[in-house]
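These notes concern the structure reproduced below.
The values are calculated or read from the model by the stated rules, or taken from the named source; none is laboratory data. The structure displayed is predicted, hence computed values, not measured ones. All Cβ positions, even for glycine, are placed from backbone atoms using ideal geometry, and neighbour counts span all protein chains on display.
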Amino acid sequence: MPERYLVSFDTDRIKEYVFATEKLREIRGASRLLDSLNDEGEMQRFMASVGPNYESIFWGGGSGAVLAPSWEAAERLIEEVETLYRTETVTASISGACMPINVESDNFGEKMKAAGFRLRRAKDEKAARLLPGGEAFTQPCASCQRYPAMTVDTDDNAALCASCARKREKEKSRKREGKESRSFDDLNELGERSRPSGYIGFIQCDGNNMGDLLTSLPKSDSYKDLAKGLRTLIEESTSKLPTESHEVLLAGGDDLILVTTADIALDAAICIAQRIENQSPALLDRVGLSGSKCTVAVSVVLAHATFPIAAFRSLADQLLKNAKRKCAEEGYRTSVIDFMVVTSAGSSDIATMRDEVLTEKSFVFPHGERKIRLTKRPYVLPKLKSLIDYARRCKDIPQSHLQFLYEGLFHSQAEAIYRWGKVAGRVNDNNRKVMDEFYRDFGDGIGGLPPWQSNRDEVPEGVDAVTALGDLIEIYRFV
């Protein structure tokens, strides 16, 4: 049987490398450096310089897979690729692992999964190593504050470490070559274009069960086609967004991170998820997985442009986990989006914040032991689209009325019901119709007590009533 060696690669702590700094120039440069290192053509040429008879399965998104002719050739390639990463980036690294494989067998996907376990061990061994430190009293890098400064940028006299200097130089070289056409230099400029001014959206997207889809494929050719197709699908999912209102910060594998103006953030999240759902069936059909589609979990954080990138990431990660759990509950049949509006300093733990603020615990006048939730997040894709549509239709309702309704939610269940009726009696017929239709779609409809929903089929187990009214009013300014 023809035996070769499967070599699997994956970039270590890719987000830590890209987001080691708050500076947009360095974040851009880091992302572009990794894009260059993972370019299919570039890696083909690099492998040819290492030795003959390497066959590329795929490269991109921070990972790759290669067939090597021998164990020695596989080990040599791993060593050379790891050296390349360290040379080009200074602080980024990549891990590799190899195993024998019969290329004519019908279990290539399973072999890739097994190689992934070996790769995980290699990555864990690296994780225990200490980062390089600086000598006592050395000046820290002005950008990342993590490594000692080694050079000074002549543009702004910033003292930079070797890694950040390399990132910044990559950004400059792209501008010189005319490959970087973004018209904003920092997130504050992006926020100035937003409505309301000063706010931006931070979006994180992660594919559902992409690994399982790949594992199910028997042949290397179909695995290669699907891996490349999924990467292209994720990367091109933002192509319909206005160029001047967003920027992709990281596109790796089935992960996507971008920033947008606040007023398009939720629409952008929906557009990305919908595009992936709509275009994935044709891709899956080509590799023999007919009748399937790809779905994603998405998190959106809306906050002031001065909000730290590290804080954006932390909140987005937590929201993404919520969305992932909801995706699992839905059997991965639909994409799910969770979001948060940060308007002031608060808890960095979303679960704690929602338990303390968006439940009956925040009532001024609680009603005994009833369990109440003041949010229906996270939302499946169709429901969030509907919620945004209602938020837009509520633009004719005076903002003071909406604020009156919002404050009532935190007073008591009875007060919220009273205020709903009071506002419904004050607005015109068209706005009253919008309120009625909203409660029909997000409440109990006729016979219910708006804005509360207590239908057992719609309310989480152990909860007596929920409402989506607070969610609508929170996003009102951003749609």
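Taking segment 323-375 as the range and being under 26 Å from Pro196 (Cα atoms), of a type in the set (S, T, N, Q) and at pLDDT 95 or above as the test, only Thr375 passes. Taking the options Arg146, Arg166, name whichever one is crowded, with 16+ Cβ neighbours inside 10 Å, part of a loop (DSSP other than H, G, I, E, B) and either in contact with a Ser or Thr (Cβ under 9 Å, 6 or more places away or on another chain) or not small (Gly, Ala, Ser) (or both). Every option except Arg146 fails the conditions. The set of residues in segment 363-387 being more than 17 Å from Tyr439 (Cβ to Cβ) and among the hydrophobic types (A, V, I, L, M, F, W, C) consists of Phe363, Val364, Phe365, Val380, Leu381, Leu384. Kindly check whether there is at least one residue in segment 385-406 that is farther than 21 Å from Val479 by Cα and either among the hydroxyl-bearing types (Ser, Thr, Tyr) or modelled with pLDDT under 95 (or both). Taking every residue of segment 385-406 in turn, none turns out to be farther than 21 Å from Val479 by Cα and either among the hydroxyl-bearing types (Ser, Thr, Tyr) or modelled with pLDDT under 95 (or both). The listed residues are Cys327, Cys271, Cys294, and the only one of them that is part of a loop (DSSP other than H, G, I, E, B) and either surrounded by fewer than 15 Cβ atoms within 10 Å (Cβ to Cβ) or at negative phi (or both) turns out to be Cys294. When Leu37 is tested against (1) out of contact with any Ser or Thr (no Cβ under 8 Å at 6 or more places or on another chain); (2) of a type outside the set (Phe, Trp, Tyr); (3) within 30 Å of Cys164 (Cβ to Cβ), exactly one condition is not met: (1). The set of residues from segment 230-265 being of a type in the set (Gly, Ala, Ser) and surrounded by 19 or more Cβ atoms within 10 Å (Cβ to Cβ) comprises Ser237, Ser245, Ala251, Gly252, Gly253, Ala262, Ala265. If you check Leu249, Leu230, Leu213 for being at pLDDT below 90, assigned by TED's automatic domain parsing to the domain that holds Ala328, within 17 Å of the chain's Cα centre (by Cα) and not in a loop (DSSP other than H, G, I, E, B), only one passes: Leu230. Kindly indicate whether Thr306 is crowded, with 22+ Cβ neighbours inside 10 Å, farther than 27 Å from Asp39 by Cα and over 15 Å from the mean Cα position of the chain (by Cα). Spelling it out, it is not the case that Thr306 is crowded, with 22+ Cβ neighbours inside 10 Å, farther than 27 Å from Asp39 by Cα and over 15 Å from the mean Cα position of the chain (by Cα).
Take Leu256 and decide whether it is in a strand (DSSP E or B) and either more than 13 Å from the chain's Cα centre (by Cα) or closer than 19 Å to Val336 by Cα (or both).
Against the criterion (in a strand (DSSP E or B) and either more than 13 Å from the chain's Cα centre (by Cα) or closer than 19 Å to Val336 by Cα (or both)), Leu256 qualifies.
Can you name every residue in segment 199-247 that is touching an Asp or Glu at 6+ places or on another chain (Cβ under 8 Å) and among the hydrophobic types (A, V, I, L, M, F, W, C)? Of everything in segment 199-247, those that are touching an Asp or Glu at 6+ places or on another chain (Cβ under 8 Å) and among the hydrophobic types (A, V, I, L, M, F, W, C) turn out to be Cys205, Met210, Leu230, Ile234.
Screening Ser8, Ser56, Ser31 for residues that are of a type in the set (S, T, N, Q) and part of a helix (DSSP H, G or I) leaves exactly one candidate, Ser31.
The condition of being polar (S, T, N, Q) and at pLDDT 95 or above holds for only one of Ser173, Ser105, Ser163, that being Ser163.
Take Ala414 and decide whether it is closer than 21 Å to Leu358 by Cβ, in a helix (DSSP H, G or I), small (Gly, Ala, Ser) and more than 33 Å from the chain's Cα centre (by Cα). Yes. Checked against the criterion of being loosely packed, with under 13 Cβ neighbours inside 10 Å, out of contact with any strand residue (DSSP E or B) (no Cβ under 6 Å at 6 or more places or on another chain), assigned to a helix (DSSP H, G or I) and not assigned by TED's automatic domain parsing to the domain that holds Gly201, segment 433-455 has at least one qualifying residue. Report whether or not Glu277 is surrounded by fewer than 21 Cβ atoms within 10 Å (Cβ to Cβ) and either closer than 23 Å to Leu24 by Cβ or outside the structural domain of Pro218 (by TED's automatic domain parsing) (or both). No: the conditions fail for Glu277. Pairing residues of segment 352-380 that are part of a helix (DSSP H, G or I) with residues that are among the β-branched types (Val, Ile, Thr), at Cβ distances under 6 Å and at least 6 apart in sequence or on separate chains, gives Glu360/Ile372.
None of Val300, Val336 is in the same structural domain as Ser237 (by TED's automatic domain parsing), touching a Gly at 6+ places or on another chain (Cβ under 8 Å), crowded, with 19+ Cβ neighbours inside 10 Å and within 23 Å of Arg477 (Cα to Cα) except Val300.
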